[in-house]
Amino acid sequence: MSRTTRGSDSPTDRGTGGPRTPAPEPGGARTERRGPVVAALMLGMALAALDSTIIATAVPQIVGDLGGFAVFSWLFSGYLLAVTVTLPVYGKLSDTFGRKPILITGIVLFLAGSLACAAAWNMASLIAFRVLQGLGGGALQGTVQTIAADLYPMKERPKIQARLSGVWATSAIAGPALGGLLAAYADWRWIFLVNLPVGAVALWLVGRHFTEPQRATGRDGGGRAGRPRVDWPGALAIFACGGLLLTALVQGGVAWAWLSTPSLLLFAGSAVCGAATVLIERRAAEPIIPGWVWRRRTISAVNLALGALGLLMVAPTVFLPTYAQSVLGLGPIAAGFVLSVMTLSWPVSAALSSHVYNRLGIRNCALLGIGAAGLILLAFPLLPYPGAAWQPALIMLALGAALGLFQLPLIIGVQSSVGYAERGTATASILFCRQVGQSVGAALFGAVANTTLKDRLAHAPADIRPGLPGDLDAVSHALEHAGTLTAHATDYLRRAVATTVGHVYLGAATAAALAALALLLLAPRRFPVHADARTAEAEPGGA
């Protein structure tokens, strides 16, 4: 049976059936168990997805109870750091030891972190337990996506991926509302306790119904004789490098200035750790991030493209709610709806994307999606001022449809280009790059927003310039309590916010162009399909 050669993306390496290898696909012989396993995957994804939205609306109650207002942002940053830096580690471990033990470990860690968060006695302990949650969340995100690819052949993967996208969409809408209700009518600690029954059911379903194939004894993931070995020095180096870099990106310009001593030390430390990581990984027998992740054109192109997607997504998720509240004058719930319409069209478009890439091919389908997304993002600064809520909502609806055509085909293409023994690592690499892109985007677009707003405030008319707030958060707060401002000052600040968010969307359109460029220059015209993909047909659109 032919296999994709390491470091090669040759279109001739295509699955044609034939005898199985020692690491067979886990889904086909046990399709009768797919239903409970898929339910477990959706519950596991719901844990990770809800956790990123449900806590936001309860922050005032948490701070009021525990204190620690100056550091509460680490409730989000600490979780993000833990998820991001553990993704590649869990990906490699799932290839080495199997998906099931890693998924169970992730659920247990997440539930332990949730229970500990509910019992937190101050802000420092809550942040520490959020990091513990993140250690479980990293295993959940990567392993759920990998198992979904294991269970379904290539042409059926859009169905399961659309279900998982639907979980994210539902969580984006229901999370803030549920968090607000629990904080208002129960206690903020229930935000973490509700994870326990959901996780318990997921754990039971995985333990009872998910059976992996017998892995070859005495061989590692690459097929060589000997016990599986874990590159723990490489894992620690990745933790250190990612932790320092993401801390610098998340806190730079917020907790301290970009050119301050803490920022410079963190960036220098991440560079040193990055160099050490490269040296360790080159010498490791089984590196956490193998060299083939970047040598294969398919995976490296998708890594860069989804990194650009992460950067792009900062514009709608971070800055659109501010625009909706400060410029359009909407309340928090209505502002959330303007954003959430994107999560309605995204999974529908993703589910239908197979009809497009079956005709055009994966690369062309992704290029169509990201090209449309770039044009839609460019339309945002052209919205009339002050405008109506349906206008940005329509743009977000179209953006979700475009990105559904972009992201899902690329994930499916990468997962189908590798065998079972490499799929966890490949999947984790693209999720890792997307997470890093989000962190870079938050820092970069935060700087763009602050620069634009400061320029607008500096050029404000002399009669309203005294007493104007100095940054985006302060401007948003002032517009929420506009009674303290004159009508002229209020209008000027709203126009300044509209201009600021418009510039961020222009930056997001540039990120879309970078994603398209990565695909055009690096991605093969026809994505290869590995023999272990268990599909008799060639890659859609190829011939």
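Counting beta carbons within 10 Å around each of 51, 231 and listing the fewest first gives the order 231, 51. By the count of other C-beta atoms within 10 Å, a proxy for reagent exposure, 492, 385, 185 are ordered fewest to most as 185, 385, 492. Normalised by the number of residues in region 24-214, the average gap of Cα pairs under 8 Å and 6 or more apart makes the relative contact order 41 percent. When the alpha carbon gyration tensor of the chain is reduced to an equivalent ellipsoid, its three semi-axes come out at 39, 26, 23 angstrom, largest first.
Scalar couplings 3J(HN,Hα) for region 438-450, obtained by applying the Karplus form with A = 6.51, B = -1.76, C = 1.60 to θ = phi - 60°, are 5, 5, 4, x, 4, 5, 5, 6, x, 5, 4, 5, 5 Hz; x denotes Gly and Pro. By the rule of a second cysteine Cβ within less than 4.7 angstrom, the chain holds isolated cysteines at 117, 365, 433.
Report summary: the helix-based calculation at 222 nm, which adds -39500 (n - 2.57) for every DSSP H run with n ≥ 4 and divides by the residues of the chain, gives -24000 deg cm²/dmol.
Neighbour counting of Cβ atoms within 10 Å sorts the residues 229, 296, 163, fewest neighbours leading, into 229, 163, 296. Under the criterion of Cα pairs below 8 Å and six or more residues apart, the relative contact order for the chain equals 24 percent. Sparse packing (at most 13 other Cβ atoms within 10 Å of the Cβ) combined with a DSSP loop state is found for the following chymotrypsin sites (Phe, Trp or Tyr not before Pro) in region 82-148: 121.
With viscosity set to 0.692 mPa s at 37 °C, what whole-number translational diffusion coefficient in µm²/s follows for region 24-214 from Stokes-Einstein and a Kirkwood radius over Cα pairs? Value of D from the Cα-based Kirkwood radius: 194 µm²/s.
Coordinate-derived values only; no laboratory data. All values reported here derive from a predicted model rather than from experimental measurement. Ideal geometry is used to build each Cβ from the backbone, glycine not excepted, and the neighbour counts take in all protein chains shown.
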